[in-house]
Amino acid sequence: MEIKHEGRVMTVMLTGELDHHTCSKIRQKIDSCAESERPALLCLDFSGVQFMDSSGVGLVMGRYRQMSLIGGRVQVVNVPDNMERMFVMSGLPALGVMK
């Protein structure tokens, strides 16, 4: 995972596998950075994700809630085709987070 800051945009480049174990570490890092930086937009880039279970959806939903609490929003980009259906079925597009 790599975190980039450009103005009030915080972009998280996710890589590898998103499962229960990796998501808890990622969540802690993102939340810590978001609390200190208070970005207007948290962009989660899934282009480097090779595998994801439901923990990945939970990661996005939790960050959506976190950003809402600090007055920001979340955007999910570059979701691999094989994972997009999981996002759609979870209702994330209805929250307006998917690009």
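Since every read-out is calculated from the coordinates, none of them should be taken as a lab result. Since we're looking at a predicted model, the values are computed, not measured. Please note: Cβ atoms are built from the backbone with ideal geometry, for glycine as well, and neighbour counts cover all protein chains shown.
So which pairs qualify, if the first residue must be in segment 28-39 and among the basic types (K, R), the second must be assigned to a loop (DSSP other than H, G, I, E, B), the Cβ gap must be under 6 Å, and the two must be at least 6 apart or on different chains?
Listed pairs, sorted by first residue: R38/I70.
Can you say whether G16 is part of a loop (DSSP other than H, G, I, E, B), surrounded by fewer than 17 Cβ atoms within 10 Å (Cβ to Cβ) and either under 11 Å from the mean Cα position of the chain (by Cα) or not hydrophobic (A, V, I, L, M, F, W, C) (or both), as far as the supplied structure shows?
Spelling it out, it is not the case that G16 is part of a loop (DSSP other than H, G, I, E, B), surrounded by fewer than 17 Cβ atoms within 10 Å (Cβ to Cβ) and either under 11 Å from the mean Cα position of the chain (by Cα) or not hydrophobic (A, V, I, L, M, F, W, C) (or both).
Of everything in segment 70-92, what is surrounded by 13 or more Cβ atoms within 10 Å (Cβ to Cβ), of a type outside the set (A, V, I, L, M) and part of a helix (DSSP H, G or I)? Give them in sequence order.
Scanning segment 70-92 gives E84, F87, S90.
Across segment 39-55, which residue is nearest to the chain's Cα centre (by Cα) among those that are buried (at least 21 other Cβ atoms within 10 Å of the Cβ) and within 14 Å of V97 (Cα to Cα)?
L44
Within segment 31-63, can you find the residues that are assigned to a helix (DSSP H, G or I) and among the polar types (S, T, N, Q)? Break it down stepwise before answering.
Just the residues of segment 31-63 that are assigned to a helix (DSSP H, G or I), to begin with: 31-37, 54-63.
Correct list: S32, S36, S54, S55.
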